[in-house]
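First the structure, in the form of C-alpha coordinates, and then the observations on it.
The values are calculated or read from the model by the stated rules, or taken from the named source; none is laboratory data. No experiment lies behind these values; they were computed from the predicted model shown. In this analysis, Cβ positions are derived from the backbone assuming ideal geometry, glycine residues included, and neighbour counts consider all displayed protein chains. Ligands, DNA and RNA are excluded from the accessible area calculation, which covers all protein heavy atoms including side chains. Shrake-Rupley method; radii C 1.70, N 1.55, O 1.52, S 1.80 Å.
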Amino acid sequence: MFHNRIARMPAMTKRPRPRRLATSQLPLSNLSHLSHLLQRLLLAGACTLALATALPAQAVDLSLKTLRVGKLSRTYFSERNGVGEAQPLIIALHASGSSGSIMARATGLTEIAEAAGYMVAYPNGTGLAIDARTWNSGGCCGYAQMHQVDDVAFLRALVDKLVSEGLADRQRVYLVGVSNGGMMAYRMAAEAPQLFKAIAVVSAVLDVPADTVKAGLPVLHIHGSDDPFIPFLGGIGKQEVSQLPRISVAKTIEAWVKADGADPKPVINDIADTAGDGTTIRQYTYHSASDAQAVVLYEVKGGGHAWPGGAAPIINGGKSSQNLDASRTIVSFFNAHGGGSSEHVEDDSLPPGATPIKPAPAAPADSPKPAAPATTLPAAPPRKPFITR
(Lines give C-alpha, C1' and ligand atoms only; values in the text may rest on other atoms or scores of the structure.)
Protein backbone atom coordinates (compact mmCIF):
# COMPACT_ATOMS: atom_id res chain seq x y z
CA MET A 1 0.00 0.00 0.00
CA PHE A 2 2.73 2.42 0.96
CA HIS A 3 4.85 1.57 -2.08
CA ASN A 4 1.87 1.86 -4.45
CA ARG A 5 1.12 5.33 -3.17
CA ILE A 6 4.70 6.35 -3.84
CA ALA A 7 4.55 4.92 -7.36
CA ARG A 8 1.49 7.03 -8.22
CA MET A 9 3.04 10.28 -7.07
CA PRO A 10 3.81 12.71 -9.94
CA ALA A 11 7.42 13.36 -10.82
CA MET A 12 8.89 16.37 -9.09
CA THR A 13 11.18 18.86 -10.71
CA LYS A 14 14.51 19.28 -9.02
CA ARG A 15 14.74 22.58 -7.21
CA PRO A 16 17.97 24.44 -6.64
CA ARG A 17 19.22 24.08 -3.09
CA PRO A 18 19.00 27.33 -1.11
CA ARG A 19 22.25 29.02 -0.20
CA ARG A 20 23.16 28.49 3.44
CA LEU A 21 23.90 31.57 5.49
CA ALA A 22 26.52 31.66 8.17
CA THR A 23 25.24 32.52 11.62
CA SER A 24 26.87 35.94 11.38
CA GLN A 25 24.82 36.67 8.22
CA LEU A 26 21.43 36.01 9.85
CA PRO A 27 19.27 38.95 10.91
CA LEU A 28 19.25 39.71 14.63
CA SER A 29 15.57 38.71 14.87
CA ASN A 30 16.42 35.25 13.50
CA LEU A 31 19.32 34.89 15.92
CA SER A 32 17.03 35.74 18.80
CA HIS A 33 14.53 33.14 17.60
CA LEU A 34 17.24 30.49 17.26
CA SER A 35 18.54 31.28 20.74
CA HIS A 36 15.06 30.91 22.20
CA LEU A 37 14.51 27.64 20.32
CA LEU A 38 17.86 26.26 21.46
CA GLN A 39 17.04 27.12 25.05
CA ARG A 40 13.71 25.25 24.79
CA LEU A 41 15.44 22.25 23.26
CA LEU A 42 18.04 22.20 25.99
CA LEU A 43 15.37 22.38 28.66
CA ALA A 44 13.40 19.66 26.94
CA GLY A 45 16.43 17.41 26.61
CA ALA A 46 18.51 18.39 29.61
CA CYS A 47 18.59 14.91 30.98
CA THR A 48 18.21 13.33 27.54
CA LEU A 49 21.74 14.28 26.58
CA ALA A 50 23.14 13.50 29.99
CA LEU A 51 21.36 10.27 30.79
CA ALA A 52 21.96 8.36 27.58
CA THR A 53 23.37 4.96 28.48
CA ALA A 54 25.77 2.57 26.81
CA LEU A 55 23.73 -0.61 26.93
CA PRO A 56 25.01 -4.17 26.97
CA ALA A 57 24.39 -6.20 23.83
CA GLN A 58 21.90 -8.62 25.37
CA ALA A 59 18.21 -7.70 25.46
CA VAL A 60 15.50 -8.57 27.95
CA ASP A 61 12.53 -10.35 26.40
CA LEU A 62 9.83 -7.75 27.02
CA SER A 63 6.43 -7.40 25.42
CA LEU A 64 5.18 -3.91 24.45
CA LYS A 65 1.57 -3.18 25.37
CA THR A 66 -0.67 -0.13 25.00
CA LEU A 67 -3.13 1.67 27.24
CA ARG A 68 -5.46 4.54 26.32
CA VAL A 69 -5.41 7.38 28.87
CA GLY A 70 -7.46 10.42 27.89
CA LYS A 71 -6.39 11.42 24.38
CA LEU A 72 -3.04 9.66 24.57
CA SER A 73 -2.10 6.10 23.73
CA ARG A 74 0.47 5.12 26.37
CA THR A 75 2.81 2.15 26.31
CA TYR A 76 4.54 -0.14 28.79
CA PHE A 77 6.68 -3.26 28.78
CA SER A 78 6.04 -6.41 30.81
CA GLU A 79 6.67 -10.14 30.61
CA ARG A 80 3.56 -11.69 32.19
CA ASN A 81 0.85 -13.13 29.95
CA GLY A 82 -2.00 -13.79 32.38
CA VAL A 83 -1.02 -17.29 33.49
CA GLY A 84 -1.17 -18.02 37.23
CA GLU A 85 -2.43 -16.09 40.22
CA ALA A 86 -2.10 -12.36 40.79
CA GLN A 87 1.40 -11.40 41.87
CA PRO A 88 2.89 -8.45 43.76
CA LEU A 89 3.66 -5.76 41.21
CA ILE A 90 6.72 -3.54 40.77
CA ILE A 91 6.31 -0.54 38.49
CA ALA A 92 9.74 0.71 37.37
CA LEU A 93 10.12 4.25 35.99
CA HIS A 94 13.02 5.02 33.66
CA ALA A 95 15.23 8.11 33.64
CA SER A 96 14.70 11.09 31.36
CA GLY A 97 15.90 10.48 27.82
CA SER A 98 15.38 6.74 28.23
CA SER A 99 12.64 4.10 28.00
CA GLY A 100 11.25 1.12 29.87
CA SER A 101 13.17 -1.43 27.82
CA ILE A 102 16.45 0.44 28.33
CA MET A 103 15.87 0.51 32.08
CA ALA A 104 15.20 -3.22 32.16
CA ARG A 105 18.46 -3.99 30.36
CA ALA A 106 20.55 -1.51 32.31
CA THR A 107 19.44 -2.55 35.82
CA GLY A 108 18.81 -6.30 35.71
CA LEU A 109 15.79 -5.69 37.93
CA THR A 110 13.48 -8.07 36.06
CA GLU A 111 15.47 -11.25 36.72
CA ILE A 112 15.93 -10.54 40.42
CA ALA A 113 12.34 -9.41 41.01
CA GLU A 114 10.70 -12.28 39.09
CA ALA A 115 12.85 -14.82 40.93
CA ALA A 116 11.40 -13.34 44.15
CA GLY A 117 7.82 -13.73 42.90
CA TYR A 118 7.05 -10.26 41.50
CA MET A 119 5.62 -9.08 38.22
CA VAL A 120 7.54 -6.09 36.83
CA ALA A 121 6.08 -3.46 34.47
CA TYR A 122 8.18 -0.78 32.78
CA PRO A 123 5.96 2.08 31.54
CA ASN A 124 7.23 4.59 29.00
CA GLY A 125 7.16 8.33 29.48
CA THR A 126 6.35 10.63 26.57
CA GLY A 127 8.53 12.32 23.97
CA LEU A 128 9.29 12.72 20.29
CA ALA A 129 11.87 9.91 20.14
CA ILE A 130 11.18 6.23 20.89
CA ASP A 131 14.04 5.85 23.38
CA ALA A 132 14.11 9.42 24.74
CA ARG A 133 11.04 9.75 26.94
CA THR A 134 10.43 11.91 30.02
CA TRP A 135 8.04 12.14 32.99
CA ASN A 136 6.12 15.13 34.29
CA SER A 137 7.37 14.89 37.85
CA GLY A 138 6.35 18.44 38.77
CA GLY A 139 9.15 20.80 37.81
CA CYS A 140 10.85 18.41 35.40
CA CYS A 141 11.37 17.13 32.73
CA GLY A 142 11.46 17.90 29.02
CA TYR A 143 8.54 17.02 26.73
CA ALA A 144 6.27 15.65 29.47
CA GLN A 145 6.65 18.67 31.72
CA MET A 146 6.49 21.17 28.85
CA HIS A 147 3.22 19.64 27.60
CA GLN A 148 1.85 19.03 31.13
CA VAL A 149 1.29 15.33 30.47
CA ASP A 150 -0.82 13.74 33.21
CA ASP A 151 1.53 10.90 34.17
CA VAL A 152 -0.22 10.46 37.53
CA ALA A 153 -3.40 9.46 35.66
CA PHE A 154 -1.40 7.12 33.42
CA LEU A 155 0.20 5.24 36.31
CA ARG A 156 -3.14 5.00 38.13
CA ALA A 157 -4.70 3.53 34.98
CA LEU A 158 -1.79 1.10 34.56
CA VAL A 159 -2.27 -0.30 38.05
CA ASP A 160 -6.03 -0.63 37.45
CA LYS A 161 -5.45 -2.44 34.14
CA LEU A 162 -2.97 -4.97 35.51
CA VAL A 163 -5.20 -5.65 38.52
CA SER A 164 -8.35 -6.05 36.37
CA GLU A 165 -6.50 -8.54 34.13
CA GLY A 166 -5.75 -10.67 37.18
CA LEU A 167 -2.01 -10.18 36.84
CA ALA A 168 -1.26 -7.92 39.81
CA ASP A 169 -2.30 -7.98 43.46
CA ARG A 170 -3.77 -4.55 44.26
CA GLN A 171 -2.76 -4.88 47.90
CA ARG A 172 0.91 -5.33 46.96
CA VAL A 173 1.93 -2.67 44.44
CA TYR A 174 5.43 -1.19 44.65
CA LEU A 175 7.05 1.69 42.78
CA VAL A 176 10.69 2.36 41.88
CA GLY A 177 12.27 5.08 39.75
CA VAL A 178 15.66 6.45 38.78
CA SER A 179 16.52 10.12 38.13
CA ASN A 180 13.47 11.78 36.48
CA GLY A 181 11.67 8.46 37.06
CA GLY A 182 12.60 8.70 40.74
CA MET A 183 11.14 12.20 40.89
CA MET A 184 7.97 10.80 39.32
CA ALA A 185 7.90 8.02 41.92
CA TYR A 186 8.05 10.64 44.66
CA ARG A 187 5.23 12.61 43.02
CA MET A 188 3.06 9.48 42.82
CA ALA A 189 3.80 8.64 46.46
CA ALA A 190 2.83 12.17 47.51
CA GLU A 191 -0.35 12.38 45.42
CA ALA A 192 -1.54 8.75 45.45
CA PRO A 193 0.02 7.09 48.52
CA GLN A 194 -2.90 4.66 48.88
CA LEU A 195 -1.79 2.84 45.71
CA PHE A 196 1.54 1.61 47.04
CA LYS A 197 2.95 -0.58 49.80
CA ALA A 198 6.43 0.95 49.48
CA ILE A 199 8.59 2.93 47.06
CA ALA A 200 12.27 3.08 46.14
CA VAL A 201 14.12 5.97 44.50
CA VAL A 202 17.60 6.09 42.95
CA SER A 203 19.47 9.33 42.15
CA ALA A 204 16.48 11.66 42.55
CA VAL A 205 14.80 14.04 45.00
CA LEU A 206 11.32 15.44 45.53
CA ASP A 207 10.22 17.51 42.54
CA VAL A 208 7.00 18.66 44.23
CA PRO A 209 6.83 20.82 47.38
CA ALA A 210 7.79 18.88 50.51
CA ASP A 211 4.54 19.91 52.22
CA THR A 212 2.59 17.85 49.67
CA VAL A 213 3.85 14.72 51.44
CA LYS A 214 1.02 14.02 53.88
CA ALA A 215 0.61 10.25 54.22
CA GLY A 216 3.51 8.03 55.22
CA LEU A 217 4.98 5.24 53.11
CA PRO A 218 8.04 3.02 53.50
CA VAL A 219 10.77 4.72 51.45
CA LEU A 220 14.15 3.47 50.24
CA HIS A 221 16.50 6.10 48.77
CA ILE A 222 19.88 5.47 47.08
CA HIS A 223 22.02 8.47 46.11
CA GLY A 224 25.63 9.21 45.23
CA SER A 225 27.44 11.88 47.26
CA ASP A 226 29.10 13.16 44.06
CA ASP A 227 26.02 13.17 41.83
CA PRO A 228 26.73 15.80 39.11
CA PHE A 229 23.10 16.09 37.98
CA ILE A 230 21.07 16.02 41.19
CA PRO A 231 23.49 17.06 43.97
CA PHE A 232 23.25 15.23 47.29
CA LEU A 233 23.35 18.58 49.10
CA GLY A 234 20.93 20.25 46.70
CA GLY A 235 21.44 23.15 44.31
CA ILE A 236 22.43 23.08 40.65
CA GLY A 237 24.35 20.07 39.36
CA LYS A 238 27.61 20.57 37.48
CA GLN A 239 26.29 18.56 34.52
CA GLU A 240 22.69 19.80 34.65
CA VAL A 241 22.02 21.62 31.38
CA SER A 242 18.73 23.13 32.53
CA GLN A 243 20.47 24.84 35.50
CA LEU A 244 17.42 24.19 37.66
CA PRO A 245 18.18 23.94 41.40
CA ARG A 246 17.08 20.85 43.33
CA ILE A 247 16.31 20.40 46.99
CA SER A 248 18.73 18.27 49.00
CA VAL A 249 18.48 14.58 49.75
CA ALA A 250 18.27 15.48 53.46
CA LYS A 251 15.19 17.67 52.92
CA THR A 252 13.58 14.91 50.86
CA ILE A 253 14.23 12.30 53.55
CA GLU A 254 12.99 14.64 56.30
CA ALA A 255 9.62 14.93 54.56
CA TRP A 256 9.12 11.17 54.58
CA VAL A 257 10.51 10.65 58.08
CA LYS A 258 7.97 13.20 59.33
CA ALA A 259 5.09 11.66 57.36
CA ASP A 260 5.99 8.17 58.65
CA GLY A 261 6.26 9.35 62.24
CA ALA A 262 9.74 7.85 62.37
CA ASP A 263 12.54 8.62 64.80
CA PRO A 264 14.54 11.47 63.19
CA LYS A 265 17.77 10.00 64.55
CA PRO A 266 18.79 7.09 62.30
CA VAL A 267 20.79 3.97 62.98
CA ILE A 268 23.98 4.17 60.91
CA ASN A 269 25.81 1.28 59.27
CA ASP A 270 28.90 1.54 57.06
CA ILE A 271 29.74 -0.78 54.16
CA ALA A 272 33.40 -0.94 53.17
CA ASP A 273 34.83 -0.74 49.65
CA THR A 274 35.06 -4.46 49.02
CA ALA A 275 34.78 -3.92 45.25
CA GLY A 276 37.86 -1.67 45.21
CA ASP A 277 36.18 0.99 43.06
CA GLY A 278 36.80 3.94 45.40
CA THR A 279 33.26 4.10 46.82
CA THR A 280 31.85 3.21 50.21
CA ILE A 281 28.27 3.00 51.46
CA ARG A 282 26.70 4.59 54.51
CA GLN A 283 23.25 3.30 55.44
CA TYR A 284 20.84 5.43 57.49
CA THR A 285 17.83 3.54 58.85
CA TYR A 286 14.91 5.45 60.39
CA HIS A 287 12.48 3.31 62.39
CA SER A 288 8.94 4.03 63.47
CA ALA A 289 6.77 2.38 66.10
CA SER A 290 5.41 -0.06 63.50
CA ASP A 291 8.25 -0.37 60.99
CA ALA A 292 11.92 -1.05 61.66
CA GLN A 293 12.70 0.17 58.11
CA ALA A 294 10.27 3.06 57.71
CA VAL A 295 12.83 5.11 55.75
CA VAL A 296 16.21 3.84 54.59
CA LEU A 297 18.84 6.01 52.90
CA TYR A 298 21.97 4.62 51.24
CA GLU A 299 24.56 7.35 50.69
CA VAL A 300 27.07 6.13 48.10
CA LYS A 301 30.19 8.02 49.11
CA GLY A 302 32.18 8.83 45.98
CA GLY A 303 29.31 7.63 43.80
CA GLY A 304 27.69 9.59 41.01
CA HIS A 305 24.37 9.73 39.18
CA ALA A 306 23.98 5.99 38.79
CA TRP A 307 22.12 2.76 39.53
CA PRO A 308 24.69 0.98 41.76
CA GLY A 309 25.50 -2.50 40.53
CA GLY A 310 23.85 -1.81 37.17
CA ALA A 311 25.13 -3.10 33.85
CA ALA A 312 25.36 0.27 32.10
CA PRO A 313 26.74 3.42 33.74
CA ILE A 314 25.11 6.76 32.91
CA ILE A 315 27.21 8.94 30.61
CA ASN A 316 28.87 11.82 32.52
CA GLY A 317 27.20 10.51 35.66
CA GLY A 318 30.34 9.74 37.64
CA LYS A 319 31.19 6.50 39.42
CA SER A 320 28.70 3.65 39.55
CA SER A 321 29.47 1.78 42.78
CA GLN A 322 29.73 -2.00 42.77
CA ASN A 323 29.64 -2.13 46.56
CA LEU A 324 25.84 -2.06 46.49
CA ASP A 325 23.48 -4.00 44.22
CA ALA A 326 20.58 -1.58 43.89
CA SER A 327 18.23 -4.11 42.31
CA ARG A 328 18.73 -6.71 45.05
CA THR A 329 18.56 -4.05 47.76
CA ILE A 330 15.27 -2.72 46.41
CA VAL A 331 13.68 -6.16 46.09
CA SER A 332 14.79 -7.04 49.63
CA PHE A 333 13.24 -3.79 50.91
CA PHE A 334 9.96 -4.59 49.17
CA ASN A 335 10.09 -8.13 50.59
CA ALA A 336 10.38 -6.62 54.08
CA HIS A 337 7.15 -4.71 53.36
CA GLY A 338 4.86 -7.52 52.31
CA GLY A 339 6.17 -8.32 48.82
CA GLY A 340 7.63 -11.43 47.23
CA SER A 341 6.44 -15.01 47.42
CA SER A 342 6.33 -16.99 50.64
CA GLU A 343 8.64 -19.60 49.09
CA HIS A 344 11.37 -17.15 48.06
CA VAL A 345 14.63 -17.34 49.97
CA GLU A 346 17.22 -14.65 49.19
CA ASP A 347 20.64 -16.14 48.45
CA ASP A 348 23.34 -13.66 47.43
CA SER A 349 25.63 -16.51 46.41
CA LEU A 350 23.38 -17.33 43.44
CA PRO A 351 23.28 -15.45 40.11
CA PRO A 352 20.27 -13.23 39.32
CA GLY A 353 17.18 -15.27 38.50
CA ALA A 354 18.50 -18.52 39.99
CA THR A 355 16.15 -20.49 42.21
CA PRO A 356 17.65 -22.16 45.28
CA ILE A 357 17.40 -25.96 45.19
CA LYS A 358 15.21 -27.17 48.00
CA PRO A 359 16.85 -29.75 50.26
CA ALA A 360 15.59 -33.27 49.78
CA PRO A 361 13.11 -34.41 52.45
CA ALA A 362 14.69 -36.41 55.22
CA ALA A 363 14.24 -40.15 54.94
CA PRO A 364 11.86 -41.64 57.52
CA ALA A 365 13.66 -43.00 60.52
CA ASP A 366 13.88 -46.79 60.63
CA SER A 367 12.39 -48.61 63.54
CA PRO A 368 15.05 -49.21 66.14
CA LYS A 369 16.47 -52.70 65.99
CA PRO A 370 17.15 -54.69 69.11
CA ALA A 371 20.74 -54.45 70.20
CA ALA A 372 22.89 -57.44 69.40
CA PRO A 373 24.37 -59.29 72.31
CA ALA A 374 27.77 -58.02 73.28
CA THR A 375 30.71 -60.11 72.14
CA THR A 376 34.32 -59.97 73.15
CA LEU A 377 36.63 -59.17 70.20
CA PRO A 378 40.33 -59.80 70.14
CA ALA A 379 42.46 -56.71 70.59
CA ALA A 380 43.57 -55.16 67.27
CA PRO A 381 47.31 -54.84 66.60
CA PRO A 382 48.74 -51.29 66.86
CA ARG A 383 48.54 -49.27 63.56
CA LYS A 384 51.64 -48.01 61.82
CA PRO A 385 51.81 -44.25 61.21
CA PHE A 386 50.58 -43.04 57.72
CA ILE A 387 53.56 -41.52 55.94
CA THR A 388 53.37 -39.44 52.75
CA ARG A 389 56.26 -38.41 50.52
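For the reader, a short list of remarks on this structure follows.
- Prolate/oblate/rounded label for segment 87-238 (Cα gyration tensor, a/c 1.5): rounded
- Taking label positions 7 Å along the Cα-Cβ direction at both Thr274 and Leu72, the computed distance is 4.2 nm, reported to one decimal.
- Full extension of the segment from Glu85 to Ala215, taken as 0.36 nm per residue of separation minus the current Cα-Cα distance, would add 43.8 nm.
- Shape of segment 106-185 from the C-alpha gyration tensor: prolate (a/c of 1.5 or more and a/b above b/c, with a ≥ b ≥ c the square roots of its eigenvalues).
- Overall form of segment 214-337 per C-alpha gyration tensor (a/c, 1.5; a/b vs b/c): oblate
- Counted residue by residue at 0.36 nm each, then reduced by the alpha carbon distance between them, the extension gain from Arg156 to Leu64 reaches 31.3 nm.
- In segment 252-313, the trypsin sites (Lys or Arg not before Pro) that fall in loop regions by DSSP, at most 12 other Cβ within 10 Å: none
- The calculated FRET efficiency for the pair Lys258 and Lys238, based on their C-beta separation and a Förster distance of 30 Å, comes to about 0.50.
- Förster-model FRET efficiency, 25 Å R0, Asn316 and Leu128, C-beta, rounded to 0.05: 0.65
- With every protein chain in place, segment 236-318: carbon and sulfur % of accessible area (1.4 Å): 53 percent
- Computed accessible area, Ser164, all protein chains, 1.4 angstrom probe, square angstrom: 100 Å²
- When the C-alpha to C-alpha distance is required to be over 23 Å, the pairs from Lys238/Lys319; Lys71/Lys161; Lys238/Lys265; Lys197/Lys258; Lys197/Lys319; Lys71/Lys214 that qualify are Lys238/Lys265; Lys197/Lys319; Lys71/Lys214.
- Sulfur and carbon atoms: percent of accessible area, segment 106-176 [1.4 Å]: 50 percent
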